[in-house]
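Here's the structure, in structure tokens; my notes come after.
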There are 2 protein chains.
Amino acid sequence: GPPLCPPESALSVSRPTRCHRLQDSLFSSDSGFNNYRGILNWCVVMLILSNARLFLENLIKYGILVDPIQVVSLFLKDPYSWPALCLVIVANVFAVAAFQVEKRLAGALTEQAGLLLHVLNLATILCFPAAVALLLESITPVGSVLALMVYTILFLKLFSYRDVNLWCRERRARAKAKAGEQLPGKANGGTAQRMVSYPDNLTYRDLYYFLFAPTLCYELNFPRSPRIRKRFLLRRLLEMLFLTQLQVGLIQQWMVPTIQNSMKPFKDMDYSRIIERLLKLAVPNHLIWLIFFYWFFHSCMNAVAELMQFGDREFYRDWWNSESVTYFWQNWNIPVHKWCLRHFYKPMLRRGSSKWVARTGVFFASAFFHEYLVSIPLHMFRLWAFTGMMAQIPLAWIVSRFFQGNYGNAAVWLTLIIGQPVAVLMYVHDYYVLHYEAPVVGA
Amino acid sequence: GPPLCPPESALSVSRPTRCHRLQDSLFSSDSGFNNYRGILNWCVVMLILSNARLFLENLIKYGILVDPIQVVSLFLKDPYSWPALCLVIVANVFAVAAFQVEKRLAGALTEQAGLLLHVLNLATILCFPAAVALLLESITPVGSVLALMVYTILFLKLFSYRDVNLWCRERRARAKAKAGEQLPGKANGGTAQRMVSYPDNLTYRDLYYFLFAPTLCYELNFPRSPRIRKRFLLRRLLEMLFLTQLQVGLIQQWMVPTIQNSMKPFKDMDYSRIIERLLKLAVPNHLIWLIFFYWFFHSCMNAVAELMQFGDREFYRDWWNSESVTYFWQNWNIPVHKWCLRHFYKPMLRRGSSKWVARTGVFFASAFFHEYLVSIPLHMFRLWAFTGMMAQIPLAWIVSRFFQGNYGNAAVWLTLIIGQPVAVLMYVHDYYVLHYEAPVVGA
């Protein structure tokens with residue numbers, strides 16, 4: 001630090017008579033001081049302490065609510081009937097159907113007939129599980145969400161499968177027209193790996209590699225990692241195990257009681273209490289979402305990729321530094337973002353749509369799938385998820401218009417932290433009214 | 001951002017068949033990525049939201065508790081008797097006594113007699129208000145804390161006044177011995193300001209300038225600021241006004257109910273609830289301490305300094321970046337630190353004490369004054385404040401031994417955030433037991 005009494009040394013024989021000098025306080029703007037790095041540590045300590053207290057308060061109030069057995073009941077109503085699993089197994093039929101159409105398209109089938117068959121197949125992939133989930137009594141909401149997710153992923157993957165094979169056929173046709181041109185697979189040579197070119201890719205092995213690979217975009221030659229790193233895989237598997245437990249524990253111990261406590265204010269339309277409950281729910285909800293993000297996009301996807309020696313591990317980018325809503329949506333979920341860009345946004349631009357229309361189209365599709373994955377399992381069509389996704393367009397405009405830099409980043413965090421629990425409370429409230437209120441009125 | 005599909009441009013006629021490349025996830029250590037600046041914004045947003053919720057919860061639970069009239073009752077029991085103010089006015093007697101002793105020391109009085117008179121005067125300054133506060137029924141705890149603080153400051157100032165005048169006399173004697181040597185006041189010439197040299201400084205004007213100046217260390221020629229900046233002064237005065245309101249409001253609305261709620265767990269010795277209450281109290285206590293710090297060390301002291309054209313505005317340094325407990329104590333309260341260094345630590349070293357003994361001496365003196373300012377107003381001798389200050393020595397050793405850099409900084413914050421409410425709860429609990437428990441047992 002700077003010396004206290006500049007004119008004299010500490011232990012000189014002549015005693016210090018001068019010990020003040022003309023200077024400004026550090027907080028005065030004239031001082032030019034701006035080293036506040038201690039504040040970050042302060043924030044971290046305060047956050048940990050506040051949440052330690054909430055954790056302790058929760059334990060005192062509710063005791064231990066974590067119950068692994070109860071989790072099973074979310075997936076199964078009857079231990080001898082596994083409708084969600086059956087649905088997932090049936091999904092293979094649609095994958096095989098798409099494969100067979102492609103196999104025939106590579107041969108004698110016309111493009112029009114192939115398109116029709118693909119459209120029929122893809123439409124069935126979305127409608128069949130929805131119908132089963134709506135009509136079957138024995139399926140649980142959680143089970144049907146999982147089954148619908150598998151079907152949605154299958155839909156996106158087969159859509160990409162068809163698109164890429166179509167592009168390959170178009171390229172082959174052009175290459176035949178201009179004979180002597182290089183084949184696309186050999187264009188970036190120099191790699192030791194043997195490149196597969198159309199139609200050699202049309203094998204079950206290749207299809208199932210793609211269906212299990214952690215990507216939604218089909219490619220004839222995926223980049224492959226040289227070997228399975230056993231330590232890396234083990235770490236990811238342990239993370240998967242531990243974080244699953246943690247998420248279940250946090251939901252049972254923290255989310256469920258908070259949501260249950262917020263039903264009464266909602267019934268009474270007591271606005272200050274609704275906001276208080278909303279803010280109380282925001283913390284565990286956000287924490288669980290962050291853990292889920294790491295668990296799914298880092299642990300699970302890397303584990304799968306490591307097992308399959310899938311080389312491209314970019315499952316997320318640095319969305320935590322987002323200074324705009326658009327940047328967040330472009331960077332938090334790269335598999336979906338890549339799919340939207342390659343099979344929806346760019347094809348729309350190529351067909352002459354404006355950028356704005358194409359972007360709105362992407363958000364519309366995303367809103368549709370969000371609603372699809374929530375409404376059907378809950379047997380409840382409220383459009384909250386749809387509205388939430390569509391609201392991102394004006395929100396993105398507002399944030400980019402009024403907030404830049406760190407303020408933009410804080411605004412994105414705020415919409416994440418607050419937006420999600422609003423949607424959660426909306427659905428839970430409506431679900432509660434539908435299932436627990438009506439009978440009381442009837443009685 | 002980086003391009004999604006490096007090998008081809010977005011809208012080329014040939015459709016993209018390659019869109020993956022070999023790369024690591026950002027969280028993998030191999031990626032070398034470490035840009036997490038968004039996390040600071042996340043911390044800030046989370047802290048604001050958590051506290052907004054606590055604020056709302058508090059308002060719903062207690063309603064508005066802020067009551068400016070009630071504040072007056074803390075200072076006065078009887079509106080026609082102002083014992084604390086009378087005590088403060090009487091303090092002038094001791095200042096004048098010290099001045100008269102110095103005046104005579106500059107003349108014919110011997111050093112021994114002067115020392116005796118000064119010791120008597122300084123001892124009375126500490127004992128007289130303590131006796132009044134203990135014996136007088138009409139004085140309130142808050143009133144007597146304020147009076148004792150004024151007397152403590154007076155004690156430190158007059159101690160410094162005596163020391164500096166003694167040094168000047170010693171220097172004068174040496175200068176007379178070695179005739180022809182320069183006088184100290186003229187040693188650093190070149191300043192346009194007329195320098196005062198001993199014994200011309202011994203005037204009431206000079207004494208009262210020092211007594212009101214925001215420093216505890218006497219100097220014959222304080223650095224002076226050229227003019228009173230009216231805008232600066234107005235801003236500081238507005239800050240003083242607003243932050244006083246805020247502190248009173250936060251104490252009434254947040255601290256008092258939390259402390260009251262923590263009495264029952266303390267009585268029952270319910271440890272998990274005691275910890276929960278402690279953590280709950282830590283947040284408002286820390287916030288109020290931070291506001292107090294800014295209010296006192298920036299607003300008040302700068303306002304006084306501006307009014308008096310006092311030039312040295314270094315009332316605090318960057319303690320928020322402290323990586324050790326020692327650094328914190330050396331930097332958060334510069335007037336007291338300067339006094340301790342100049343009139344306690346360095347004189348002890350000059351007398352041959354080791355650094356370790358001198359430092360322990362400083363903490364011991366500080367512990368004494370902390371206890372003095374708490375025990376006497378509360379009429380309760382528990383040594384919690386004394387123990388708290390003395391505990392800083394082993395604490396400083398532990399923190400510097402086991403934590404460095406940001407971890408050290410976090411450890412300092414933790415001791416600040418947790419240490420203070422522990423002491424507060426200790427005193428409040430004992431005060432509560434003494435004043436509200438005993439009668440019930442007797443009844």
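Throughout, read-outs are computed from the coordinates displayed, never taken from laboratory work. Model, not experiment: these values are computed from the prediction. Heads up, the Cβs are rebuilt from the backbone with ideal geometry, glycines too, and the neighbour counts pull from every protein chain shown.
Which chain B residue hugs the B-A rotation axis most tightly by its Cβ, and what is that distance in angstrom, to the nearest whole number?
Of all Cβ atoms in chain B, the one nearest the axis gives B:Cys43, 2.
Using a 10 Å cut-off on Cβ to Cβ distances, tally the other chain neighbours for every residue of A:22-32 and report the average as a whole number.
Mean partner-chain Cβ count within 10 Å for A:22-32: 6.
Write down the radius of gyration of segment B:9-110 and its Dmax, each obtained from C-alpha positions, in Å.
Both quantities, over Cα of segment B:9-110: 35.3, 106 Å.
Can you figure out the FRET efficiency of B:Lys178 with B:Ser31, using R₀ = 60 Å and their beta-carbon distance, to the nearest 0.05?
Here the calculated transfer efficiency is 0.25.
What percent does the relative contact order of chain B come to when contacts are Cα pairs within less than 8 Å and at least six residues apart?
15
Near B:Lys178, which lysines are there with a Cα under 22 Å away, not counting those fewer than 8 places off in the same chain?
B:Lys186
At a threshold of 8 angstrom on Cα-Cα distance, excluding pairs fewer than six apart, so keeping six or more, what relative contact order does segment A:274-376 reach in percent?
Across segment A:274-376, relative contact order equals 14 percent.
Given the DSSP H assignment, sum -39500 (n - 2.57) over each helix run of at least 4 residues in chain A and divide by its residue total; what's the result at 222 nm in deg cm²/dmol, nearest 500?
Working: 20 runs with 289 residues, N = 443.
The helix-only estimate for chain A comes to -21000 deg cm²/dmol at 222 nm.
Determine ³J(HN,Hα), in whole Hz, for all residues of segment B:361-376 in sequence, where each value follows from phi through the Karplus function 6.51 cos²θ - 1.76 cosθ + 1.60 and θ = phi - 60°; x replaces Gly and Pro.
Using θ = phi - 60°, the values come out as x, 4, 5, 5, 4, 5, 4, 4, 5, 4, 5, 4, 6, 9, 5, 5 Hz.
Per residue of A:270-283, how many C-beta atoms from partner chains lie within 10 Å of its own C-beta, taken as a mean?
Working: counts 1, 0, 4, 3, 0, 4, 10, 3, 3, 9, 5, 1, 4, 4.
Taking the mean over all residues of the peptide, I get 4.
Taking a ≥ b ≥ c as the square roots of the Cα gyration tensor eigenvalues, with a/c under 1.5 meaning rounded and otherwise prolate when a/b beats b/c, else oblate, which class fits the protein assembly as shown?
prolate
If you plug each phi of segment B:279-288 into the Karplus form 6.51 cos²θ - 1.76 cosθ + 1.60 with θ = phi - 60°, what whole-Hz ³J(HN,Hα) values come out, in order, with x for Gly and Pro?
Working through the residues one at a time gives 5, 5, 6, 4, 5, x, 4, 5, 4, 5 Hz.
What pairs in A:Lys264/B:Lys280; A:Lys157/A:Lys338; B:Lys157/B:Lys346; A:Lys61/B:Lys280 have C-alpha atoms more than 19 Å from each other?
Result: A:Lys264/B:Lys280 exceed 19 Å.
For labels at B:Trp167 and A:Glu170 in the simple 7 Å Cα→Cβ model, what's the distance in nm?
8.7
Given H placed on each backbone N at 1.01 Å, which residues far from B:Arg224 in sequence or on other chains put an amide H within less than 5 Å of it?
B:Gly311
Across peptide B:312-320, how many C-beta atoms of other chains are within 10 Å of each residue C-beta, on average? Intermediate results must be reported in sequence, preceding the final value.
Values: counts 7, 10, 10, 3, 3, 5, 7, 2, 8.
So the per-residue partner count for this stretch is 6.
Using a 10 Å cut-off around each Cβ, can you sort A:Asp24, B:Asp200 from fewest to most neighbouring Cβ atoms?
Starting with the residue having the fewest Cβ neighbours, the order is B:Asp200, A:Asp24.
Give the aspartates and glutamates reachable from B:Lys230 as a straight Cα distance under 15 Å; neighbours fewer than 8 places away on the same chain don't count.
Reachable aspartates and glutamates: B:Glu239, B:Glu306.
Could you work out how far apart the two model spin labels at A:Val304 and A:Ile291 are, taking each label as a point 7 Å from the Cα in the direction of the beta carbon, and quote it in nm?
With each label placed 7 Å out from Cα toward Cβ, I get 2.2 nm.
Could you tell me the relative contact order of segment B:81-189? Use alpha-carbon pairs under 8 Å, at least six residues apart, and round to a whole percent. Can you show the working numbers first?
On the way: 59 pairs, mean separation 37.3, N = 109.
Dividing the mean separation by the residue count of segment B:81-189 yields 34 percent.
Taking the label point 7 Å from Cα in the Cβ direction, how far apart in nm is B:Arg104 from each other copy of itself, listed shortest first?
List, nearest first: 12.1 nm.
How large is ³J(HN,Hα), in whole Hz, for each residue of segment B:257-272 in order, when computed from phi with the Karplus curve 6.51 cos²θ - 1.76 cosθ + 1.60 and θ = phi - 60°, using x for Gly and Pro?
Values per residue, Gly and Pro as x: x, 5, 5, 4, 5, 8, 6, 5, x, 5, 4, 7, 6, 8, 5, 5 Hz.
I need the shape label for chain A. Rule: rounded when a/c is under 1.5, else prolate if a/b > b/c, else oblate, with a, b, c from the alpha carbon gyration tensor.
oblate
Quick one: Cα centre-to-centre distance for segment A:221-259 and segment B:100-119, in angstrom?
First find each Cα centre; the distance between them is then 79 Å.
Reachable aspartates and glutamates from B:Lys267, Cα under 17 Å, same-chain residues fewer than 8 places away excluded?
Leaving aside aspartates and glutamates fewer than 8 places away in the same chain, those within reach of B:Lys267 are B:Glu276, B:Asp430, B:Glu437.
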